[in-house]
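Undergrad: Can you read through this structure? Questions will come right after.
The values are calculated or read from the model by the stated rules, or taken from the named source; none is laboratory data. Fair warning: this is a prediction, and the values are worked out from it, not measured in the lab. Ideal geometry is used to build each Cβ from the backbone, glycine not excepted, and the neighbour counts take in all protein chains shown. Surface accessibility is based on the protein's heavy atoms, side chains included, excluding ligands, DNA and RNA. Shrake-Rupley method; radii C 1.70, N 1.55, O 1.52, S 1.80 Å.
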Amino acid sequence: MAKTEQRNGLELQGNTEKLTDSNGKSSSNGLEPEVNGSIPEETQVDKYGFTGGAQQSAGELAEEVPIAVLRQREAKWLEMLNSWDKWMAKKHNKVKERCQKGIPPSLRGRAWLYLTGAKVKREQNKGRFEELDIQPGDPKWVDIIERDLHRQFPFHEMFAARGGHGQQDLFRVLKAYTLHRPDEGYCQAQAPVAAVLLMHMPAEDAFWVLVQICEKYLPGYYSTGLEAIQLDGEILYALLRGVSPVAHRHLKKHKLEPILYMTEWFMCAFSRTLPWSSVLRVWDMFLCEGVKILFRVGLVLLKCMLGTQEKVKTCQGLYETMELLKKIQPQYTREGFLVQEIIDLPVSEKNIEKEHQAQLRRWKESRGDLSCKSPPRMHGAKAIMSAEPPSRQELRQRPTIIVESPLAAKTEAAPGDEVKGSKKAAKANGHTTTVLPPDGIVNLSDPSSTLHHTTTQGSKESLSSAEHDTYL
């Protein structure tokens, strides 16, 4: 992937400014950041930070969660994060259900950190990111990364400024990964994945979540030769036979190889394909349940676009089919519709692993052994935690937040699901108990508020990993 550049992003004329000094360290060269594309200052910013482009939110495609419900969900997630190991061990289905409903925006970054096991990885490797950050990096990878920076969500306020903090942090994360895994280096599809993470967390946290995605969720995806993604393409194609025989026959008839249409879908975790509200919901489920979510999204889109005789009649050849799959109709990517289809589709880890073994046998018969030996992938948060059980200290939040809210007990009330005896438990453990206001709404503008939020102006502020706050 690194050898053949993909032109998926916004192309700009002129030279790309260097974001590194002679030692390879991030630098703005004392210049005011140049706007990455022509974005007028008066342009309206949507709630996700986009000022335009394909990702800008269209209100009718996104689901609006009532404020009262959002506050209830925040209280429940805070309670879960404070006892993460117990919830994952005894109430994993409830964690999965809450991820399917959508993680509250204010806690999404922290939840992703815990779901992926990146919180534990960071605690086990304290100082590692700083060590990598100050190293110059391999000039070969540094040059490719710098040329890719302006292509990553150029209409998002965090990455709009050429040489701004958003792009600098993206460079730091990607360069650090090439030093962490010199055998793998850099692949262009990692850039949008890292950019999505940086929209929700500081650079150090984004680095460790990226490590977990590359090593646990999608091992081998970003290695030379793209063998892992080719195998998953064949698995997707085989599973499609059972989900939509009409779509499967059409793709077979026109000899449309899976790698032609699913590479960007899977390698970028649909961050370049779906409207942003749907991207976030897919990622919530993907980081909880693993790669089966990506398979389900791909199967849903193929079934919706090519699942009936009437639909396939409109694309009589390979080219027409490719064009159709490049422009998925919005009614199929709408948040509410897509999420429900994903949840309802009966494709499990067992189905994927069974087909994976079958495809491995076929690969070996026709091409020999895989040149890149990747570790077995972990199917989601529970598998990762089971493989590497963390200590309570590694899961401890700073600061520890214990929430007692009357709202948490009023909705989704299941036996044992409410926050019970928080105050007594807090006193016994020496923690501070936080009681939300009666209406459940925390005043985010009050610096003394329990849920302290760090806000930034555009991409001018870089978030430090020392600030263990909630990011909106």
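Undergrad: Please find, among L302, L345, L338, the residue that is within 16 Å of H250 (Cβ to Cβ), surrounded by 13 or more Cβ atoms within 10 Å (Cβ to Cβ) and not aromatic (F, W, Y). Spell out how you get there, then give the answer.
TA: Numbers: L345 fails: within 16 Å of H250 (Cβ to Cβ); L338 fails: within 16 Å of H250 (Cβ to Cβ).
Step by step, each of L302, L345, L338 is checked, and only L302 is within 16 Å of H250 (Cβ to Cβ), surrounded by 13 or more Cβ atoms within 10 Å (Cβ to Cβ) and not aromatic (F, W, Y).
Undergrad: Here's a follow-up. Any residue in the stretch 343-366 that's in contact (Cβ under 8 Å) with a residue 12 or more places away in the chain: show its pairings with residues that are assigned to a helix (DSSP H, G or I) and exposed (fewer than 13 other Cβ atoms within 10 Å of the Cβ) at Cβ separation under 6 Å, as long as the two are six or more apart or on different chains.
TA: none
Undergrad: Of L302, L280, L274, L260, which residue is in a loop (DSSP other than H, G, I, E, B), among the hydrophobic types (A, V, I, L, M, F, W, C) and touching a residue at least 24 places away in the same chain (Cβ under 8 Å)? First the steps, then the outcome.
TA: On the way: L302 fails: in a loop (DSSP other than H, G, I, E, B); L280 fails: in a loop (DSSP other than H, G, I, E, B); L260 fails: in a loop (DSSP other than H, G, I, E, B).
When all the criteria are applied, what remains is L274.
Undergrad: Kindly indicate whether Y237 is modelled with pLDDT under 95, over 14 Å from the mean Cα position of the chain (by Cα) and under 23 Å from M322 (Cβ atoms).
TA: Details: modelled with pLDDT under 95: no; over 14 Å from the mean Cα position of the chain (by Cα): yes; under 23 Å from M322 (Cβ atoms): yes.
So Y237 fails the test.
Undergrad: Kindly evaluate Q340 against the criterion of being farther than 19 Å from T116 by Cα, touching a Leu at 6+ places or on another chain (Cβ under 6 Å) and not in a loop (DSSP other than H, G, I, E, B). Spell out the reasoning first.
TA: Details: farther than 19 Å from T116 by Cα: yes; touching a Leu at 6+ places or on another chain (Cβ under 6 Å): no; not in a loop (DSSP other than H, G, I, E, B): yes.
In short, no.
Undergrad: One residue is enough: does the stretch 214-228 have a residue meeting the conditions under 17 Å from F129 (Cβ atoms), within 17 Å of the chain's Cα centre (by Cα) and open to solvent by less than 10 Å² (accessible area, probe 1.4 Å)? Give the steps one after another, and end with the answer.
TA: If we filter the stretch 214-228 for residues that are under 17 Å from F129 (Cβ atoms), which is where we start, we get 214-215.
Subsequent filtering for residues that are within 17 Å of the chain's Cα centre (by Cα) retains 214-215.
From what is left, the residues that are open to solvent by less than 10 Å² (accessible area, probe 1.4 Å) are 214.
Yes; the residues of the stretch 214-228 include at least one that is under 17 Å from F129 (Cβ atoms), within 17 Å of the chain's Cα centre (by Cα) and open to solvent by less than 10 Å² (accessible area, probe 1.4 Å).
Undergrad: While we're here: What's the total number of residues in the stretch 312-325 that are part of a helix (DSSP H, G or I), open to solvent by 50 Å² or more (accessible area, probe 1.4 Å) and free of Cβ contacts under 8 Å to residues at least 60 places away in the same chain? Lay out the reasoning, then the answer.
TA: Within the stretch 312-325, the first condition is being part of a helix (DSSP H, G or I), and the residues that meet it are 312-313, 318-325.
Narrowing the set further to residues that are open to solvent by 50 Å² or more (accessible area, probe 1.4 Å) leaves 313, 318-320, 323.
In the following step, the residues that additionally are free of Cβ contacts under 8 Å to residues at least 60 places away in the same chain were identified as 313, 319-320, 323.
The number of residues fulfilling the criteria is 4.
Matching residues to (1) part of a loop (DSSP other than H, G, I, E, B); (2) surrounded by fewer than 23 Cβ atoms within 10 Å (Cβ to Cβ); (3) out of contact with any Cys (no Cβ under 8 Å at 6 or more places or on another chain):
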| site | (1), (2), (3) |
| --- | --- |
| E97 | no, yes, yes |
| I103 | yes, no, yes |
| G109 | no, no, yes |
| L113 | no, no, yes |
| K119 | no, no, yes |
| K126 | yes, yes, yes |
| R147 | no, yes, yes |
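Undergrad: State all residues of the stretch 64-82 that are within 23 Å of the chain's Cα centre (by Cα) and not in a helix (DSSP H, G or I); if no residue qualifies, say none.
TA: E64, V65
Undergrad: Is it true that some residue in the stretch 154-171 is modelled with pLDDT of 95 or more and of a type in the set (A, V, I, L, M, F, W, C)?
TA: yes
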